[in-house]
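What follows is one structure encoded as C-alpha cells, with my remarks underneath.
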Amino acid sequence: MNEQISICIPTYNGEQYLRECLDSALYQTYYNTEILIVDDCSSDATVAIAEEYAALDDRIRIVENKKNAGLVGNWENCIREASGEWIKFLFQDDILTPDCLEKMYTSCQRHQSKIAVCRRNFIIEFNADPNIRKFFQKDVVKAEQFIENEQMVSGQDLSGLINERLLVNFLGEPTSLFFHKDILEQYGNFSTELSQMLDYEFTIRVATNTGFVFLPKTLAYFRVHGGAESNKNRSDDRAEAKRIKIEYVDKLILLHDMKYHEHYENFRTHVGMDKVQAKLRGEFLKGLNEIGYEQLQQSLMPFDKKYKGLEAELIYFGKVYEEEFVNEMAIE
C-alpha cells in the first residue's frame, strides 16, 4: 500500500535555511508525497524561494496565511491543509535524510502503528545561544539512551519511561515525529496552551494510549541557531513574561493534565500518581519561592477556567510553602 504522506513545512521568515530543507524533502526515496508549505506572513524571501521550488516540482503546494497564526496556529493550519493520510513535520531550519519517510512509513506498517519517532541529531550553528549550545551538546536526554533497537514501545513501557524523567523531552522535536491523521480525531491536536514542550505533550498524550514505533537510526537533523524558537525560549534574553510562562506555568499545566486529563488515564493506570504529585508539589514550591505567590497567581489566572484544579492547588501549596519554609526560616 503506497499511501500519500504530507511533508508539512510551517514557515515564517525562514529564507536562510529553506533551500536545504526543501532539498531534503524533494529527494526522499518515498515518492508519493505532498510537500506542503504554509507560510505565516513572512516578510523575507521565504515565499519567493518556495515558489521557485514549486515551479520545478508539482508535489509542492504553497498556502499563505491571510494573517499571522503564530507557532501552534500554523502547525494546525498545516494539518488542516494536508492532503495525505500521514503527516511528517519538517521545520524550515531542519533536514531529513533521504530514506526518512520510507523507513518511518515501512516501520509503521510492519508494527501496525499509527505513530513513530526517529532518532535525531543536531546541527548547532555558531550563533546559537551559549546556554542552548551547552544543552544540546551535553545535557539533552535522548530516547536511544533507553530504547536500543527498532521496536514497538507499548503505552505501558512509555509511561514508565516518562514517569522516571518527568518534564524531560527525550522523544525529540516535531521533525522526529511521524503520524497518521486518524489519531487527531481520537486524541486531539497540539496544545494551544503551551509555549514549549507542546510537541512532547502531544506525543506522550497519544503514545501512552497507542504505543509507538521507535527507530534508532538518525533520520532527521534539528538545527539549533540564534533565530530558532527553541533558542529564543532558552536564551537569557527572553522577556520576563515569556520566561515565567515557560519555566513555571507550562510545567504546571502539563503536570495538571497528566493528573486529571482523560487522555492520560492509561498513564495513571500504568504508573500511578506518586511521582507526578511529588513533581507538581516541587514545581509549585519552586515557583512560590522564586517569583512569589502574587506573580504565580497572576501568571496562572488565564488558565484557571480550563485547568480548574490549578487555583485550588496554588492555594494549597501556598499554605504549605508558608508552613514549611517561611515559618522555618523565621525560626532560624
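The values are calculated or read from the model by the stated rules, or taken from the named source; none is laboratory data. The structure displayed is predicted, hence computed values, not measured ones. Cβ: placed from backbone, ideal geometry, glycine included. Neighbour counts: every protein chain shown.
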Evaluate the following for Q16: is it touching a residue at least 60 places away in the same chain (Cβ under 8 Å), farther than 25 Å from E102 by Cα and assigned by TED's automatic domain parsing to the domain that holds C108?
yes
Some residue of region 107-118 being over 24 Å from T29 (Cα atoms), buried (at least 17 other Cβ atoms within 10 Å of the Cβ) and not aliphatic (A, V, I, L, M)
no
Among residues of region 44-59 being in a helix (DSSP H, G or I), within 11 Å of L22 (Cβ to Cβ) and of a type in the set (A, V, I, L, M), the residue farthest from the chain's Cα centre (by Cα) is A54
Taking the stated definitions as given, is K259 in a helix (DSSP H, G or I) and either within 14 Å of I162 (Cα to Cα) or hydroxyl-bearing (S, T, Y) (or both)?
yes
If only one of Y248, Y260 is farther than 27 Å from I132 by Cβ and either touching a strand residue (DSSP E or B) at 6+ places or on another chain (Cβ under 7 Å) or of a type outside the set (D, E, K, R) (or both), which one is it?
Y260
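Among the residues of region 32-55, are any within 21 Å of E125 (Cβ to Cβ), touching a His at 6+ places or on another chain (Cβ under 7 Å) and in the same structural domain as F190 (by TED's automatic domain parsing)? Let's see the steps before the verdict.
If we filter region 32-55 for residues that are within 21 Å of E125 (Cβ to Cβ), which is where we start, we get 42, 44-46, 49.
Remaining after also requiring touching a His at 6+ places or on another chain (Cβ under 7 Å): none.
No, every residue in region 32-55 fails to be within 21 Å of E125 (Cβ to Cβ), touching a His at 6+ places or on another chain (Cβ under 7 Å) and in the same structural domain as F190 (by TED's automatic domain parsing).
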From the options K138, K134, K181, residue that is surrounded by fewer than 16 Cβ atoms within 10 Å (Cβ to Cβ), at pLDDT 95 or above, more than 24 Å from L255 (Cβ to Cβ) and not acidic (D, E):
K181
Going by the conditions given, is T192 of a type in the set (V, I, T), in contact (Cβ under 8 Å) with a residue 12 or more places away in the chain and out of contact with any helix residue (DSSP H, G or I) (no Cβ under 7 Å at 6 or more places or on another chain)?
no
Kindly list the number of the only condition in (1) in contact (Cβ under 8 Å) with a residue 40 or more places away in the chain; (2) of a type outside the set (A, V, I, L, M, F, W, C); (3) surrounded by 15 or more Cβ atoms within 10 Å (Cβ to Cβ); (4) under 28 Å from S159 (Cβ atoms) that fails for Q295.
(4)
The one condition in (1) surrounded by 17 or more Cβ atoms within 10 Å (Cβ to Cβ); (2) outside any helix (DSSP H, G or I); (3) polar (S, T, N, Q) that T175 fails to fulfil:
(2)
Tell me which of these F190 doesn't satisfy, since it passes every other one: (1) modelled with pLDDT of 95 or more; (2) surrounded by 15 or more Cβ atoms within 10 Å (Cβ to Cβ); (3) assigned to a helix (DSSP H, G or I).
(3)
